[in-house]
Amino acid sequence: MVTKIAIFASGTGTNFSALHQAIINQKLPAKISLVVVDQPNAPVIAKAQALGIPVFIVNYRAYAEKKLAELAIIEQLNLHRVTLILLAGYMRILTPTLITAYPNQIINIHPALLPNFPGRHGILDAYQANVKLTGVTVHYVDTGIDTGTIIQQMTVPRLATDTLADLEKRIHAAEHQLYPAVLAKLLSEE
Ligand code: GAR
């Protein structure tokens, strides 16, 4: 059975592309039925549209409260019959409105070894802390900031000679490997 997924993103969309590629390569029995984006100029929008994937751009400021924005998102998810949500660089905290609508069906990727370095700047924070080892975490989403149950992690060494850009490159490469692999495993267990 093909699982209909929605990818939530705010930026470049390299994880979106990696997941899409894994589907094309038949590594994932899934279909990206919708991309939800909260930033109207995010490059991920053009990437999805070029592939003919529907995009819902949600302008949180147009709603009196976050809950209403999430209800609008849920309406779109229902319309596209989405059963699994993958956050891929979505820089917003979800509220119980969305989380309870998709229990254990919302997953996130974070560019650090949680519980270390949660938040928006996981790579930079680990770099500045001079850790020798950092990595990538795939986890279920709860209402906290990168606090949900961890599904799988992959370590990434930080070399003494690394610039921040070097480390970012290695982290992103790990993400593009780990996210599709974790998903393939989860979907095969369903
Ligand atoms: C990724 O590195 C992802 O782990 C991070 O945003 C980037 C999005 O890149 N997410 C977080 O920091 C969440 N706390 P992408 O748009 O190229 O996929």
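Restricted to segment 33-44, and to residues that are buried (at least 19 other Cβ atoms within 10 Å of the Cβ) and touching a strand residue (DSSP E or B) at 6+ places or on another chain (Cβ under 6 Å), which residue is farthest from H110 (Cα to Cα)?
Among those residues, the one meeting the criterion is S33.
Name the residues in segment 69-85 that are in a helix (DSSP H, G or I) and of a type outside the set (V, I, T), would you? Give the derivation first.
Residues of segment 69-85 that are in a helix (DSSP H, G or I), as a first pass: 69-79.
Answer for segment 69-85, where residues must be in a helix (DSSP H, G or I) and of a type outside the set (V, I, T): A69, E70, L71, A72, E75, Q76, L77, N78, L79.
Taking T149 as meeting all but one of (1) over 25 Å from H20 (Cβ atoms); (2) surrounded by 15 or more Cβ atoms within 10 Å (Cβ to Cβ); (3) in contact with a His (Cβ under 9 Å, 6 or more places away or on another chain), write down the number of the exception.
T149 satisfies all of (1) over 25 Å from H20 (Cβ atoms); (2) surrounded by 15 or more Cβ atoms within 10 Å (Cβ to Cβ); (3) in contact with a His (Cβ under 9 Å, 6 or more places away or on another chain) except (2).
When you scan segment 130-137, do you find a residue that is near the ligand (Cβ under 9 Å from one of its atoms) and polar (S, T, N, Q), even just one? Give the steps one after another, and end with the answer.
Filtering segment 130-137 for residues near the ligand (Cβ under 9 Å from one of its atoms) gives 136-137.
Among the residues that remain, those that are also polar (S, T, N, Q) are: 137.
Yes, that holds for at least one residue.
Just to check your reading of the model, which residue among N108, N130 is more than 16 Å from H172 (Cβ to Cβ) and modelled with pLDDT of 95 or more?
Working: N108 fails: more than 16 Å from H172 (Cβ to Cβ).
After applying the criteria, what remains is N130.
I need the full set of residues from segment 22-68 which are at pLDDT below 95 and of a type in the set (D, E, K, R), in order please.
K27, the sole residue that qualifies.
Return the pairs, sorted by first residue and then second, in which the second residue is in a loop (DSSP other than H, G, I, E, B) and at pLDDT 95 or above, the first residue lies in segment 84-106 and is farther than 19 Å from V2 by Cβ and among the aromatic types (F, W, Y), the beta carbons are less than 8 Å apart, and the residues are 6+ apart or on different chains.
Y90/S10; Y90/D38
Determine the pairs where a residue that is over 17 Å from M91 (Cβ atoms), located within segment 60-80, has a partner that is at pLDDT 95 or above and among the charged types (D, E, K, R) with Cβ atoms under 7 Å apart, the partner being 6 or more residues away or on another chain.
What qualifies is H80/K4.
What single numbered condition from (1) away from the ligand (no atom under 13 Å from the Cβ); (2) in contact with a strand residue (DSSP E or B) (Cβ under 6 Å, 6 or more places away or on another chain); (3) among the aliphatic types (A, V, I, L, M); (4) within 22 Å of D142 (Cβ to Cβ) fails to hold for V55?
Status for V55: all satisfied but (4).
With respect to L159, is the statement that it is of a type in the set (A, V, I, L, M), surrounded by 14 or more Cβ atoms within 10 Å (Cβ to Cβ), on the phi < 0 side of the Ramachandran plot and out of contact with any strand residue (DSSP E or B) (no Cβ under 6 Å at 6 or more places or on another chain) true?
Taking the combined requirement at face value, the residue does not satisfy it.
Looking at segment 110-121, can you tell me whether even one residue there is more than 13 Å from the ligand (Cβ to nearest atom), outside any helix (DSSP H, G or I), in contact (Cβ under 8 Å) with a residue 24 or more places away in the chain and not hydroxyl-bearing (S, T, Y)? It would help to see each step written out before you state the result.
Start the filter on segment 110-121 by keeping residues that are more than 13 Å from the ligand (Cβ to nearest atom), which leaves none.
Scanning segment 110-121 turns up no residue that is more than 13 Å from the ligand (Cβ to nearest atom), outside any helix (DSSP H, G or I), in contact (Cβ under 8 Å) with a residue 24 or more places away in the chain and not hydroxyl-bearing (S, T, Y).
Mind counting the residues in segment 10-48 that are near the ligand (Cβ under 9 Å from one of its atoms) and over 14 Å from the mean Cα position of the chain (by Cα)?
2
Being over 24 Å from H20 (Cβ atoms) and either among the aromatic types (F, W, Y) or touching a Lys or Arg at 6+ places or on another chain (Cβ under 9 Å) (or both) narrows it down to one residue among Y60, Y140; which is it? It would help to see each step written out before you state the result.
Details: Y140 fails: over 24 Å from H20 (Cβ atoms).
Y60 is the lone residue from the list that is over 24 Å from H20 (Cβ atoms) and either among the aromatic types (F, W, Y) or touching a Lys or Arg at 6+ places or on another chain (Cβ under 9 Å) (or both).
Within segment 80-109, take every residue that is in contact with a Lys or Arg (Cβ under 7 Å, 6 or more places away or on another chain) and of a type outside the set (D, E, K, R) and give me the one that is nearest to the ligand (Cβ to nearest atom).
Taking segment 80-109 as the starting set, the residues that turn out to be in contact with a Lys or Arg (Cβ under 7 Å, 6 or more places away or on another chain) are 80-83, 91, 95, 97.
Filter once more, so that each one left must be of a type outside the set (D, E, K, R): 80, 82-83, 91, 95, 97.
Values: H80: 20, V82: 19, T83: 22, M91: 6, T95: 16, T97: 20 Å.
So, considering only residues that are in contact with a Lys or Arg (Cβ under 7 Å, 6 or more places away or on another chain) and of a type outside the set (D, E, K, R), the one nearest to the ligand (Cβ to nearest atom) is M91.
The values are calculated or read from the model by the stated rules, or taken from the named source; none is laboratory data. Here the structure is a predicted model, which means the values were calculated and not measured. With ideal geometry, Cβ positions are generated from the backbone for all residues, glycine too; neighbour counts draw on all protein chains shown.
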